[in-house]
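Report on the structure given below.
What follows draws every value from the coordinates through simple rules; no lab data is involved. As the structure is a prediction and not an experimental result, all values here were calculated from the model. Neighbour counts run over all protein chains shown; Cβ positions are idealised from the backbone, glycine included.
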Amino acid sequence: MIPKITVNNLDFWYGNFQALKNINALFKEKVITAIIGPSGCGKSTMLRVFNRMNDLVEGVRTTGEVLIDAENIIAPDTDLVSLRKKVGMVFQRPNPFPLSIYENIVFGEKIHYSGTRRDKLDGIVEESLKSVLLWDELKDNLNKSALSLSLEQKQRLCIARLIAVKPDILLMDEPCSTLDPQATARVEELMRELKNNYTIIIVTHNMQQAARISDDTGFMLLGELIEFARTEDIFTRPKDKRTEDYITGRYG
Amino acid sequence: MRKIKEFIIEKLILVCGLASIFFVAMIFLFLLKEGMNVFQTVSPFKFLFGKSWYPISEPAQLGILPLILGSLLVTFGAAVISIPIGVACAIYIAEVAPQNMKEILKSGIELLAAIPSVVLGFIGMVTIVPWVKNICHLPTGLSALSGSIMLAFMAMPTIVSIAEDALYSVPKSYKEGALALGATHWQAIHRVMLPAASSGILAAVMLGIGRVIGETMAVMMITGNSAVIPHSILQPVRTLTATIAAEMGEAVVGSEHYFALFAIGIVLFIISFAINVTADLFLHKKR
């Protein structure tokens, strides 16, 4: 299988602090890859390298290579707009815009193409909401403020908003950490469905979640990628002592 | 003993807290008591919509429409100038400027707010007035336009600092979300951050306008003070505030003229009260 994302010798600094140390990994296409590890291990930072969200922080430095579809996105001349169109992100706290549900979903379409016809926008809204299983709940209230939704609905809406842009890759930064167990189960179900069309990388604190939904898992510790393998191997036959200690709950 | 002490302190603070409300109420009542007398000689309708203000002719003509229009025209002009510049400046400070530039701009704007209005008026008189006169080929530069430009400077600090605050308090996650969808910085600002900060920005604009409409000294010095209904922004006008300030000294206590000036005070009070309440509504809607 051709890797969707290839990471070669990736180093990353916040000022003088090195947050990622010589990361090498291959992320397969249309597969869910989970990144686990204790707080501060650099898993979110790595995720934010893939869509260059770290650029918002001052004084950061990235070296190495991250190839997405054979293009090195670390290069300074990378077109961030098209990169972020291709590599979407779902955040830890659902962050719908303070606009209507409808406007949230057509946001991407509107910023990338001006003057889209209304009926096409309507189609995008319906399709995107259906793909996150919100259409039946919300179809009569599309003009309601997105801020009035429940947490789970908000997070689904954020995923729908992302899907509307038609990305290839979905980066999910602890997408369920604010949700209750039932809502988490439903969002995980959704992720399994999305896997058919998208390459998904999920950062999670929750090891059981990683075991439940992912095909590949990477374990990170203090900025290093300790082990990266098939999920069942990581959880049943970890090669590294530190991985074993983490998944058996000796620390973390 | 301790209880009594607590009680006394509590009540003392209460009295201080109520004092401001008490003073506002007393000021309004006093204005009302003095101002209402004018309506014994002129009907409220004629007072508000009368077209001539000749308070010392015989009989006195006490129509304040030219003054209201003068105030509105100067305020409108100042708003047209200060709102776009002020909001753009707030966007620049909140979103674009690098840290050190931000500090410089912020203290510059604070300084602008600290200049006494009479000094601004004086500077306007020797710079803006001749400038307006030459550029527009007018017989005199003392005009509504000069006043508007000057007042725009006074409204700017209020508009910039409150609008900047509103933009700053927009959750960072909105901006991140927009950028992560591939929005450019400007798209994130105008499609997400400005709508999110809109009520705060509206409040900033209202408070800026409130400052303009209540301003007296600078307008009196540079608007020319002729109480006629203005037909263009290039004409001299006289505002409500300047009328009170200029004429109160000469008006005979207890005369119609004297009461009419108080009635103008009531009109001003109502206008600025309305503006402040609106601004407050916007500010609270945000929360």
inquiry  = Quick check: residue separation of B:SER232 and B:ILE21 times 0.36 nm, minus the Cα distance between them. What number comes out in nm?
reply    = 71.9 nm
note = Expected max-MSF residue from B:THR158, B:THR184, B:THR140 in the GNM of chain B (alpha carbon, under 10 Å) is B:THR184
query = In nanometres, what is the gap between the two model label sites at B:VAL277 and A:SER39, each 7 Å from Cα along Cα-to-Cβ?
reply = 4.9
inquiry  = Taking the Cα of B:PHE49, stepping 7 Å toward and past its beta carbon, and measuring to each backbone N in region B:73-103: which are under 20 Å?
reply    = B:73
ask   = What spacing in nm lies between the two simple spin-label points modelled at A:ARG186 and A:SER145, each 7 Å away from Cα in the Cβ direction?
value = 2.2
task = Output the direction-averaged projected area (hull surface divided by four) of the convex hull of the alpha-carbon atoms of chain A, in nm².
result = 13.9
message = Please compute, for the alpha-carbon atoms of chain B, the extent along each of the three principal axes and give them in descending order in Å.
response = 75, 73, 32
query = Tally Lys and Arg at +1 and Asp and Glu at -1 over the other residues with C-beta under 13 Å from the C-beta of A:ALA211: what net charge comes out?
reply = -3
ask   = With point charges of +1 on the Cβ of Lys and Arg and -1 on the Cβ of Asp and Glu, referenced to the Cα centre of region B:53-286, which listed residue (B:MET220, B:HIS185, B:CYS136) lies farthest in the positive direction of the dipole?
value = B:HIS185
query = What distance in nm separates the simple spin-label points at B:PHE122 and A:LYS241, each placed 7 Å from Cα in the Cβ direction?
reply = 8.1
ask   = So how far, in whole Å, is the C-alpha centre of region A:202-250 from the one of region B:66-97?
value = 58
remark   = Listed by chain and number, the lysines with an alpha carbon less than 22 angstrom from that of A:LYS120, same-chain partners under 8 positions apart left out, are A:LYS85, A:LYS86, A:LYS110, A:LYS130, A:LYS139, A:LYS144, A:LYS166
request  = Excluding residues on the same chain fewer than 8 positions from A:LYS154, give the aspartates and glutamates whose Cα lies under 18 Å from its Cα.
outcome  = A:GLU103, A:GLU126, A:GLU127, A:ASP136, A:GLU137, A:ASP140, A:ASP173, A:GLU174, A:ASP180, A:GLU188, A:GLU189, B:GLU176
Environment charge at A:GLU244 (Cβ cut-off 14 Å; Lys +1, Arg +1, Asp -1, Glu -1) = +1
ask   = Looking only at other chains, what is the average number of their beta-carbon atoms within 10 angstrom of each beta-carbon in B:172-179?
value = 6
request  = Count the DSSP beta bridges whose two residues both fall in region A:3-247, then state the antiparallel fraction as a percent rounded to the nearest 5.
outcome  = 60
key: Residue mean of other protein chain beta carbons inside 10 Å, A:161-167   = 2
inquiry  = Assuming a strict under-24 Å limit between Cα atoms, what lysine pair count do you get for chain B once near-sequence pairs (fewer than 8 apart, same chain) are dropped?
reply    = 11
inquiry  = From the helices alone, meaning DSSP H stretches of at least four residues, give me the mean residue ellipticity at 222 nm for the protein assembly as shown, per-run term -39500 (n - 2.57), in deg cm²/dmol to the nearest 500.
reply    = -17500 deg cm²/dmol
message = How shielded is B:191-201 by partner chains, expressed as the average number of their Cβ atoms within 10 Å of its Cβ atoms?
response = 2
message = Taking just the alpha carbons, could you work out the radius of gyration and Dmax for the protein assembly as shown, both in angstroms?
response = 32.1, 107
task = Please compute the net charge surrounding A:LYS144, taking Lys and Arg as +1 and Asp and Glu as -1 over other residues with Cβ under 13 Å from its Cβ.
result = -1
request  = Within chain A, what's the longest run with no trypsin sites (Lys or Arg not before Pro) in a DSSP loop and at most 10 other beta-carbon atoms within 10 Å? Give the range, please.
outcome  = A:118-249
query = Which FRET efficiency value, to the nearest 0.05, is calculated for A:ARG93 and B:ASP165 with the Förster distance at 22 angstrom and r the Cβ-Cβ distance?
reply = 0.45
message = Nearest 5 percent is fine: what portion of the DSSP beta bridges confined to the protein assembly as shown is antiparallel?
response = 60
